[in-house]
Amino acid sequence: MDLLIAGAKELGVGIDARQVRQFEMYYREMLEGNSRMSLTGVTDWEETQTRHFVDSLSVAAALPRRMFQAGEALMDVGSGGGLPGVPLKIAYPEVSVTLLEANGKKAAFLRRLVEVLGLSGVSVVRGRAEEAGHRPELRERFGLVVSRAVARLDALAELTLPFCRVGGTTIAQKGPDVRREVDLARNAIEALGGGDVRVIEARPAGSPAPRTLVAVSKARPTPKRFPRRPGIPSKRPL
């Protein structure tokens, strides 16, 4: 686990022996789940440490530590195999986490994963963001909304900002060439209640490539008509 521990330390994230065991169990569960569904193309142990676990923890580079204190609520939109939501929960057990996943098999995997890892304060919601974003118990309830490789930023803003409370932050994990994507998304971000946009470069120890984090603050409530019906945000971005 040297790569994970070193990468986390560089990000300012401390991991104790219990958390190391949870990451090891996570890896085993991911391999087992991958035999039944497509969770990840990365199955090598060392690559998993850097490209999945440390990469997920890079979200911490974009936020003050108070965002990971008890009482804060985090949503992972399009969680898939649990990235980045589950690694963040392991590293910051006091944070309440909701994993949103549309695929039934993947949602079932996430429920089993939460049970096997013994994680409390985690809920798995099966559904599309376009529909879940209108549910009163989920809409504008989260101080931090994260997503990893879900959609282009102008569409992603509509899939994430409706869940974020005013004063909170959404973070999209992107590749290195994201500046034009940010420029194209500014109208959508404004229309959805977003405020300041920050682009943060993170490349922790052992990471094979830099990770760009796009952090958008929530300045105003999202208009009630958003998000639009399923598929429309990607087909017709604002």
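Bear in mind that the values in this text are calculations on the coordinates, not laboratory data. Predicted model only: the values in this text are computed from it and were never measured. Positions of Cβ are backbone-derived with ideal geometry, glycine not excepted, and every protein chain shown enters the neighbour counts.
Treat the count of other C-beta atoms within 10 Å as a stand-in for reagent exposure and order Y92, Y26 from fewest to most.
Y92, Y26
Read phi for every residue in the range 15-23 and hand back ³J(HN,Hα) as whole Hz from Karplus 6.51 cos²θ - 1.76 cosθ + 1.60, θ = phi - 60°, with x for Gly and Pro.
Coupling constants for the range 15-23: 10, 8, 4, 5, 5, 4, 5, 5, 5 Hz.
In the range 73-126, which GluC sites (Glu not before Pro) fall in coil by DSSP and have 15 or fewer other Cβ atoms within 10 Å?
Details: sites: E94, E101, E115; in loops: E94.
Hits after loop and neighbour filter: E94.
When the chain is treated as a GNM, springs tying every alpha-carbon pair under 10 Å, which of R66, R228, R111 comes out with the largest mean-square fluctuation?
Greatest mean-square fluctuation among the candidates belongs to R66.
As a test of the formula, what do you get for the chain when each DSSP H run with n ≥ 4 contributes -39,500 (n - 2.57) and the sum is divided by the residue count, at 222 nm and rounded to the nearest 500 deg cm²/dmol?
Helix contribution divided over all residues of the chain: -9500 deg cm²/dmol.
Sort K218, K235, K9, K106 so the one with the fewest other Cβ atoms within 10 Å of its own Cβ comes first.
Least to most surrounded, the residues fall as K235, K9, K106, K218.
I'm spelling it out carefully: the read-out is percent of Cα pairs over 28 Å apart, the candidates are [x] 25; [y] 33; [z] 38, and one was derived from this structure. Which label?
[x]
Sort out for me the Cα centre separation of the range 74-103 from the range 172-228, rounded to whole Å.
Centre-to-centre (Cα) distance: 18 Å.
Reachable aspartates and glutamates from K89, Cα under 12 Å, same-chain residues fewer than 8 places away excluded?
Partners found: E72, D76.
Which percent, to the nearest 5, of DSSP beta bridges fully inside the range 2-235 are antiparallel? All intermediate terms of the calculation are to be shown ahead of the outcome.
Values: 13 of 33 bridges.
In the range 2-235, DSSP labels about 40 percent of beta bridges as antiparallel.
In what sequence do S35, S56 fall when counting other Cβ within 10 Å, fewest first?
In increasing order of surrounding Cβ atoms, one gets S35, S56.
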